[in-house]
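A quick write-up on the structure given underneath.
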Amino acid sequence: MRVDIFKRKKSDGFFSYLLVPEGKNLPGEVTNTDWAIEIRGIDIDPDKEKLEIYSIPCPGKQIRNKGYAISNVSLV
């Protein structure tokens, strides 16, 4: 699956990451924050348990459920 990855700086100096399917707009619920493009058109395995480099759990499941995947979420 090809995705675009966005990032935004958190108050603690770390970053949050957001994946959207390649070429899609940012979802409405996140457009009020300062997301900047990190990389466009990267291939990921949507079935991976976690996209380690960006700390995104179950990226494929998140994208199927809500149209995007984000770091630092609980999938309980």
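The values are calculated or read from the model by the stated rules, or taken from the named source; none is laboratory data. Since this is a predicted model, take the numbers as computed values, not measurements. Ideal geometry is used to build each Cβ from the backbone, glycine not excepted, and the neighbour counts take in all protein chains shown. For the accessible areas, the whole protein counts, side chains as well, though only heavy atoms, and no ligand, DNA or RNA atoms are used. Shrake-Rupley method; radii C 1.70, N 1.55, O 1.52, S 1.80 Å.
Under the Karplus relation 6.51 cos²θ - 1.76 cosθ + 1.60, θ = phi - 60°, what is the ordered set of whole-Hz ³J(HN,Hα) values for region 27-37, x standing for Gly and Pro?
Rounded to whole hertz, the list is x, x, 5, 10, 6, 8, 10, 8, 8, 10, 5.
Which whole-Hz couplings ³J(HN,Hα) result when phi for each residue of region 49-60 is put into the Karplus expression 6.51 cos²θ - 1.76 cosθ + 1.60, θ = phi - 60°, listed in order with x for Gly and Pro?
5, 7, 8, 3, 4, 10, 6, 10, x, 6, x, x
Going by average Cβ density within 10 Å per residue, which order do the peptides 29-38, 49-58 take, highest to lowest?
49-58, 29-38
With every protein chain left in place, what is the accessible area per residue of the chain in square angstrom, probe 1.4 Å?
Result: 64 Å² per residue.
Name the residues whose placed amide hydrogens come within less than 5 Å of the amide hydrogen of residue 48, ignoring near sequence neighbours (fewer than 5 apart) on the same chain.
Long-range HN contacts for residue 48: 60.
Can you give the convex hull volume of the alpha carbon atoms of the chain per residue, in Å³?
Once divided by residue count, the hull of the chain is 94 Å³.
Could you pull out every residue, at least 5 positions away or on a different chain, whose amide H is within less than 5 Å of the one on residue 15? Hs are placed 1.01 Å off N in the peptide plane, and Pro or chain starts have none.
It is 10, by chain and number.
Taking all protein chains as present, what is the carbon and sulfur share of the accessible area of the chain, in % to the nearest whole number, probe 1.4 Å?
The value for the chain is 47 percent carbon and sulfur by accessible area.
Work out how much length residue 37 to residue 50 would gain on full extension: take 0.36 nm times their residue separation and subtract the Cα-Cα distance, in nm to one decimal.
2.6 nm
For residue 22, enumerate residues with amide H under 5 Å from its amide H, sequence gap 5+ or separate chain, H modeled in the peptide plane.
For residue 22, whose amide H was placed from the backbone, the distant partners under 5 Å are 2, 3, 4.
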